[in-house]
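Undergrad: I have a structure here, written as structure tokens, and I will follow up with some questions on it.
The values are calculated or read from the model by the stated rules, or taken from the named source; none is laboratory data. Computed from a predicted structure; not experimentally measured. For neighbour counting, all protein chains shown are included, and Cβ atoms are generated from backbone atoms with ideal geometry for every residue, glycine included.
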Amino acid sequence: MLQVIKLASEHLQKHNSDSARLDAEVLLAAALGLRRLDLYLQFDRPLTDGEAGLRVVRLLEAAQQSIKNGGQVQLLNSAAQSAPVA
């Protein structure tokens, strides 16, 4: 899990996130249905579930879109595309 957090935070930092590490932790925890603390309590847990991986990708895409739109909240849909919330 720590490697995923590292990669996600690097990705978010490249896209101008002011709090890339925190954002990556919050997104990964949400994608996996865990508390943020659980990411560190289960740091050695392998992430082999394809569905969990897909949720992480969708959340990262939504985060990137939100950053592009000045922090506007994004919805996730099954096509892994983001739509702004009015």
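Undergrad: Please enumerate the residues belonging to region 43-79 that are more than 15 Å from the chain's Cα centre (by Cα), among the hydrophobic types (A, V, I, L, M, F, W, C) and either surrounded by 13 or more Cβ atoms within 10 Å (Cβ to Cβ) or modelled with pLDDT of 65 or more (or both).
TA: Phe43
Undergrad: Would you please name the residue that is nearest to Ala20 (Cα to Cα), looking only at residues in region 41-57 that are in a helix (DSSP H, G or I) and free of Cβ contacts under 8 Å to residues at least 24 places away in the same chain?
TA: If we take residues in region 41-57 being in a helix (DSSP H, G or I) and free of Cβ contacts under 8 Å to residues at least 24 places away in the same chain, then Val57 is nearest to Ala20 (Cα to Cα).
Undergrad: Answer with yes or no whether Ser82 is surrounded by 11 or more Cβ atoms within 10 Å (Cβ to Cβ), at pLDDT 75 or above and polar (S, T, N, Q).
TA: no
Undergrad: I've got another one for you. Residues being touching a residue at least 12 places away in the same chain (Cβ under 8 Å) and either in a loop (DSSP other than H, G, I, E, B) or farther than 13 Å from Ala62 by Cα (or both): count how many of those fall in region 8-19.
TA: Total meeting the criteria: 4.
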